[in-house]
Amino acid sequence: MISMEIERKFLVTSEDFKNQSEKKEKIVQAYLNSHAERTVRIRTKGEKAYITVKGKSSENGLSRFEWETEIPVEEAKDLLKIAEPDPIEKVRYLVKIGSHIFEVDEFHGSNEGLIVAEVELNREEEEFEKPEWLGEEVTGDKKYYNSLLSKNPYSQWKNSK
């Protein structure tokens, strides 16, 4: 099913979110296609696996088309073998703040040290409660897209900001 994904993305200023987390899962993902117009992602998340196709982001970076379906884990592992180099490794923490769930990704591997929080919204102008550990908004900043972090990892640009 194709849906419209609306989300805002923020840097995280402390690890306080870990104490508020309801759940955490290890994620490994890589891209079969990371073209700016569309990405095709393979992801293992806990004991499940998915293939996801995302369209081009809106001009403000808040929304884009997304299609995702679950696939067998063994098939995902096979597809990861032919994916573009440098898969993304991260632990995702789910943190409920008010009526929203923040997905906080603590990156590992070549993106070690980067922590990003995303909140999905029902509409672009929707209000939401901001926790104290939420830092600078990076919605629409393409260098924080996972598909670009796999090509230009945080470890290569974090000191040149």
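Taken together, the values in this text are just the output of simple stated rules run on the coordinates, not laboratory data. These numbers come from a predicted model, not from an experiment.
Tabulated results
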read-out	value
Semi-axes of the equivalent ellipsoid for the chain, Cα gyration tensor, largest first, Å	23, 18, 17
Violating pairs (Cα-Cα greater than 26 angstrom) within the set 90/158; 24/143; 24/130; 18/81; 54/143; 130/151	18/81; 130/151
GNM top mover of 63, 21, 99 - the chain, alpha-carbon springs below 10 Å	99
Share of alpha-carbon pairs per 10 Å distance bin for region 1-64, given as whole %	17, 37, 38, 9
Helical mean residue ellipticity (222 nm; -39500 (n - 2.57) per DSSP H run of 4+; nearest 500) of the chain	-2500 deg cm²/dmol
